[in-house]
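The values are calculated or read from the model by the stated rules, or taken from the named source; none is laboratory data. Values in this document were obtained by computation on a predicted structure and should not be read as measured data. Glycine gets a Cβ as well: all are built from the backbone with ideal geometry, and neighbour counts include every protein chain shown.
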Amino acid sequence: MTQIFDNPAEFADDALDGFVAANRNYVARVDGGVVRSTEVPAGQVALVVGGGSGHYPAFAGLVGPGLAAGSACGNMFASPAAGQVYRVAKAANAGGGVLLSYGNYAGDVLHFGQAQLRLNAEGIETRTVTVTDDIASAPIDQLEKRRGIAGDLTVFKIAGAAAEAGLNLDEVERLAIKTNYRTRSLGVAFDGCTLPGAKEPLFHVPAGQMSLGLGIHGEPGISEHPMPTASELAELLVSKLLADKPDDAGDRVVAIVNGLGTVKYDELFLLFGKIEKLLSAEGLTIVEPECGELVTSLDMSGLSLTLLWLDEELEQYWSAPADTPAFRKGSMAPRAARTQAIADDAEATETEQATPAAAELGQQAVALLAQVRDVVVEHEEELGKLDAIAGDGDHGIGMRRGVDAAAAAGEAASGSSVARILLAAGEAWSEKAGGTSGALWGSAVIAAGQALGNRDSYTDADARAAVTAFANAITELGKAEPGDKTMVDALLPFRDTFLAELDGGASANQALSAAAAAAESAAAATADLRPLKGRARPLAEKSLGHPDPGAVSFGLIVNRISQFIDSQLATAASAPAGNGATE
């Protein structure tokens, strides 16, 4: 259990600040993560990696010559926000373009993807290679759906070495793709990890059992087995990885035994010895292996085995020198310190004068954001427990971080137009929450604000436009469809009911009440679905019988909004004449 902290909500930022303080000869802090503190040759490709915090040495520990140029660092087990990725990549860019690389998780794909679009729009050529090494998360014919675990290291190392050698962006990207295809991993857990400030681990493995196929975000495994001996565990891991080897596999492999947090080095070495004998018996030559903590999951009791099948080209870059806080190979000449160019992400000053109607609606938006914050806070623990059944357990805390920031940003923008207030709130939500929910809610709130604009008056038609824009932002960004067991399964019934009620002559408030009820009912019905998107997908059987946390939180939020508006209208209707109340 993580016990050293002041405020659990600030754990990730505080830890990153301390990491930088301990490694200033390697890294410098930028808003959103870290970049190299040493000079980088002009024109060199910048490999920018990243993901949620809690995985050290990944991701910040891999920044340095011969490896990454920068790391975007999200909150605990949550992807960094698009703005964070953008700022880190902008600061790391040396003129040769940027390669973004990270584990294949929905939140990371959304946020890194948004950052890539922005960087390319500004003329910084940017590509992406996602890591998909975990054989437990999808069958071999669906390689693109697999998540990234300890295989992050092989892809990052070879891409970083290629960049260090002066290869151009096309070649660095090609080698990263090739490495990813030739990398396979499988992990096991003996008990779950505990988020800072939490009272219980995200999951427990029954006594005498082992969970097979876990992720690195606290997700439980896909099946449980009697606790094996070291030899039996080695046989299990090796046999499953060899059965999944790439088509063009040769006989030279990198083997990585990775501890996830509390399995100690003596145990890892013992297991590696068993694995080495099994691989040798299969006619494989092990090249420059690694055994230790490389991609962790806080204090999870578990480990993983990664195999990278080499060819002559990949072996050259795997063996190349690297010098980072957490990963060192060979020797490299000292580098001079460099002056950091920090990406300027400041927003343009608000110059538009809000109309009276837009300012009044903006104040209502501020009040509604406060209500959304209250309902999320009230159900934070419940949402986290629901998410931990088949995910990583961070939905409650992620929603809390996002809505806290959104409500504060909305309050700070009071007096502005509703469009400006929701823009500030949406950006803050995305920035602070990270993860899939942060990207989706942030984009949707911004879209609703843009639909409402800064008008002289508002009608039910504007409410229709805002609800439609909110829903479209989520479906277009997240790509989920009805039946995938996501927030969309509650969102679309909400939207459709709202629009149908308006078409039938109901007022916007009446339509909202009916739509909120439809959303809550639809959210409950997701218990019967199997997840086809997100981190819960590999654990579909565990998810059956439990509603989707994203759908549940959406239902809670729209119901609270509806109830608050009803209460405000009731108060206004019952107010004595002459007190300034209006209908």
From the option list Ala159, Ala163, Ala234, single residue qualifying as modelled with pLDDT of 95 or more, part of a helix (DSSP H, G or I) and in the same structural domain as Cys291 (by TED's automatic domain parsing) is Ala234
Q.
Please determine whether any residue of segment 202-210 is outside any loop (DSSP other than H, G, I, E, B) and surrounded by 20 or more Cβ atoms within 10 Å (Cβ to Cβ).
A. yes
Reported set for segment 227-260 where residues are closer than 16 Å to Met210 by Cα and in contact with a Gly (Cβ under 7 Å, 6 or more places away or on another chain) is Met227, Gly259, Leu260
* Hey, does segment 440-447 have a residue that's within 19 Å of Asp13 (Cα to Cα) and either crowded, with 24+ Cβ neighbours inside 10 Å or of a type outside the set (Ser, Thr, Tyr) (or both)? -> no
Considering every residue within segment 389-407, establish whether at least one is over 17 Å from Ala78 (Cβ atoms) and of a type in the set (Val, Ile, Thr). yes
Considering segment 261-303, residues that are free of Cβ contacts under 8 Å to residues at least 40 places away in the same chain and of a type in the set (Asp, Glu), and then whichever is nearest to Ser211 (Cα to Cα), we arrive at Glu267
Subset of segment 73-87, residues outside any strand (DSSP E or B) and farther than 15 Å from Ser101 by Cα, comes to Phe77, Ala78, Gly83, Arg87
Expected output for segment 377-390 (first residue under 15 Å from Arg401 (Cβ atoms), partner part of a loop (DSSP other than H, G, I, E, B), Cβ below 6 Å, 6+ apart or cross-chain) is Gly384/Gly393; Asp387/Gly393
Of the candidates Val40, Val20, the one satisfying the condition of being outside any loop (DSSP other than H, G, I, E, B) and out of contact with any Pro (no Cβ under 6 Å at 6 or more places or on another chain) is Val20
The correct count of residues that are over 31 Å from the mean Cα position of the chain (by Cα) and touching a residue at least 60 places away in the same chain (Cβ under 8 Å) in segment 486-530 is 1
Pro139 meets each of (1) assigned by TED's automatic domain parsing to the domain that holds Val88; (2) out of contact with any Pro (no Cβ under 8 Å at 6 or more places or on another chain) with one exception, condition (1)
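For every residue, the table says whether it meets (1) modelled with pLDDT under 95; (2) hydrophobic (A, V, I, L, M, F, W, C); (3) touching a Gly at 6+ places or on another chain (Cβ under 7 Å).
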position: Ser137; (1), (2), (3): yes, no, no
position: Ile149; (1), (2), (3): no, yes, yes
position: Leu169; (1), (2), (3): no, yes, yes
position: Leu175; (1), (2), (3): no, yes, no
position: Arg182; (1), (2), (3): no, no, no
position: Lys199; (1), (2), (3): yes, no, no
position: Leu202; (1), (2), (3): yes, yes, yes
position: Ser211; (1), (2), (3): yes, no, yes
position: Ile216; (1), (2), (3): yes, yes, no
Practice item. Consider Val49 carefully, then state whether it is surrounded by 20 or more Cβ atoms within 10 Å (Cβ to Cβ) and farther than 27 Å from Ala198 by Cβ. Key: no
Restricted to segment 54-103 and to residues being polar (S, T, N, Q) and at pLDDT 95 or above, the residue surrounded by the most Cβ atoms within 10 Å (Cβ to Cβ) is Ser71
Scanning segment 237-260 residue by residue, those outside any loop (DSSP other than H, G, I, E, B) and farther than 20 Å from Ile275 by Cα turn out to be none
